[in-house]
């Protein structure tokens, strides 16, 4: 049996910009991606603490060291710069493997 569990989380991250006229996704500073064990193209859930919006999208690499967290395309309508968000990814694992797995969580 496979179950879905928390894999990675960027907790209380701030949106730095939005770009409505870009192909959808969320751009995240590559350093933040590395710290949270996220890869480009990975599906994530984005939860906006300021307005309660939730969305699913995928990660695009942002400029390393920039601190960039940018909602792109339609996602840009779900938040604004300064909003606090949580970026979450999940993984499918065998039940026994999942019991031993430790997610990567980065707090801001």
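For the reader, a short list of remarks on this structure follows.
- Fully extending the segment from residue 11 to residue 100, taken as 0.36 nm per residue of separation minus the present Cα-Cα distance, adds 29.8 nm.
- Whole-Å distance, taken between Cα centres, linking region 9-58 and region 61-108: 5
- Cα gyration tensor category, rounded, prolate or oblate, for region 5-86 with a/c compared to 1.5: rounded
- Computed extension gain for residue 53 through residue 66, at 0.36 nm per residue and net of the alpha carbon distance, reaches 2.2 nm.
Each value in this text was obtained by applying a stated rule to the coordinates, not by laboratory testing. Small disclaimer: the values here were computed from a predicted structure and weren't measured.
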